[in-house]
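Heads up: the structure comes next, in structure tokens.
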Amino acid sequence: MEQKLNVLTLGVRDLDASRRFFVDGLGWKPHLDVPGEVIFLQVGHGLLLSLWDREAMAAEAGEFYRGGDPMPITLGHNVDSEDEVTAVLDRATAAGGSIIAPATRRDWGGVSGYFADPDGFRWEVVHNPGLAFSPDGTITIAPPPE
């Protein structure tokens with residue numbers, strides 16, 4: 001198996017609420033939108049975020065975590081500046097998300113904060129000065145300052 005990921009699928013409770021949050025609120029553009037079924041959003045070079053009705057997902061892929069706690073995963077959204085971290089957190093709040101942690105300077109030299117989308121998935125908004133993405137998708141990671 002090749003070391004790659006092409007589609008990240010989130011099972012959502014209410015596809016219309018997810019559309020309002022991601023498309024209307026955050027301004028993301030659907031790559032494919034099948035009302036009542038699935039929304040595909042291209043979020044990177046060769047990478048789709050799929051928002052799929054949770055019940056349809058379980059019917060096809062089998063039962064999944066149903067506990068009361070948030071899923072043990074965060075989704076990272078890297079930005080170009082510290083000020084942009086706060087701006088994105090503000091936009092997510094205006095779109096109906098909930099701030100989990102405000103923008104905070106971190107020991108590793110960057111700034112990050114977290115919001116939860118309407119299904120409770122945690123999104124980290126981060127400015128990491130040691131992380132760079134080239135146009136061809138190559139990632140460079142510098143060690144954190146000592």
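Worth a mention:
- Of 97, 76, 113, all but one fail to be closer than 21 Å to residue 46 by Cα, of a type in the set (Gly, Ala, Ser) and within 18 Å of the chain's Cα centre (by Cα); the exception is 76.
- If the condition is being open to solvent by less than 60 Å² (accessible area, probe 1.4 Å) and either modelled with pLDDT under 85 or acidic (Asp, Glu) (or both), then segment 36-56 contributes 46, 53.
- Count of segment 57-89 residues which are free of Cβ contacts under 8 Å to residues at least 40 places away in the same chain, open to solvent by less than 40 Å² (accessible area, probe 1.4 Å) and in contact with a strand residue (DSSP E or B) (Cβ under 8 Å, 6 or more places away or on another chain): 2
- Residue, nearest to residue 63 (Cα to Cα), within segment 6-23, restricted to residues that are within 15 Å of the chain's Cα centre (by Cα) and open to solvent by less than 40 Å² (accessible area, probe 1.4 Å): 11
- Set 113, 68: member being at pLDDT below 95 and of a type in the set (Gly, Ala, Ser): 68
The values are calculated or read from the model by the stated rules, or taken from the named source; none is laboratory data. Model, not experiment: these values are computed from the prediction. Neighbour counts run over all protein chains shown; Cβ positions are idealised from the backbone, glycine included. Heads up: the accessible areas ignore ligands, DNA and RNA and are worked out on the full protein's heavy atoms, side chains in. Shrake-Rupley method; radii C 1.70, N 1.55, O 1.52, S 1.80 Å.
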